[in-house]
Amino acid sequence: MEYTELNNKEIDEFISKLAVEIVERRLAAPAIVLLESTKPLSFVGSQTLVFFDPIVKMFVAVKDYEKYISLLENREYIEKLIVAVEEYENETLHSKKGNKDAKRGD
């Protein structure tokens with residue numbers, strides 16, 4: 001099975017979407033630890049996903065499966081995801097803090 005190479009815009013959009021999901025589920029800290037610790041083995045993980053692709057697609061309709069594989073193949077993308085999670089979490093925390101401060105001022 002041949003996978004199409006994703007362009008930077010597609011992968012950046014996917015990373016942003018994934019970062020939002022991670023932060024909204026309050027999994028930022030565990031996700032960052034997991035991503036940092038598995039960086040050296042990320043390529044092996046991506047090839048494992050390629051190997052199990054036919055089996056996974058028989059039982060489960062996994063959308064964005066090729067994007068996950070592309071993300072794991074490249075350590076730069078993993079680093080971008082870590083940075084995106086950290087940035088989105090900081091934005092979320094600052095906006096919540098701003099809302100609390102605004103409520104106190106009323």
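Here are the numbers:
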| item | result |
| --- | --- |
| Matching option when the condition is at pLDDT 95 or above and either hydrophobic (A, V, I, L, M, F, W, C) or farther than 18 Å from VAL83 by Cβ (or both), among VAL44, VAL33, VAL56, VAL60 | VAL33 |
| Scope the stretch 54-68; condition within 24 Å of SER16 (Cα to Cα), of a type outside the set (Lys, Arg) and not in a loop (DSSP other than H, G, I, E, B); matching residues | TYR65, GLU66, TYR68 |
| Selection within the stretch 63-101 - over 14 Å from PHE14 (Cβ atoms), aliphatic (A, V, I, L, M) and modelled with pLDDT under 90 | LEU93 |
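Rundown of residues vs (1) under 25 Å from ALA29 (Cα atoms); (2) surrounded by 17 or more Cβ atoms within 10 Å (Cβ to Cβ); (3) not hydrophobic (A, V, I, L, M, F, W, C), yes/no style:
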position: LEU41; (1), (2), (3): yes, no, no
position: VAL50; (1), (2), (3): no, no, no
position: ASP53; (1), (2), (3): no, no, yes
position: VAL56; (1), (2), (3): no, no, no
position: ALA61; (1), (2), (3): no, no, no
position: LEU72; (1), (2), (3): yes, yes, no
position: ARG75; (1), (2), (3): yes, no, yes
position: GLU86; (1), (2), (3): yes, no, yes
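The values are calculated or read from the model by the stated rules, or taken from the named source; none is laboratory data. Predicted model only: the values in this text are computed from it and were never measured. Note: ideal-geometry Cβ built from the backbone for every residue, glycine included; neighbour counts use all protein chains shown.
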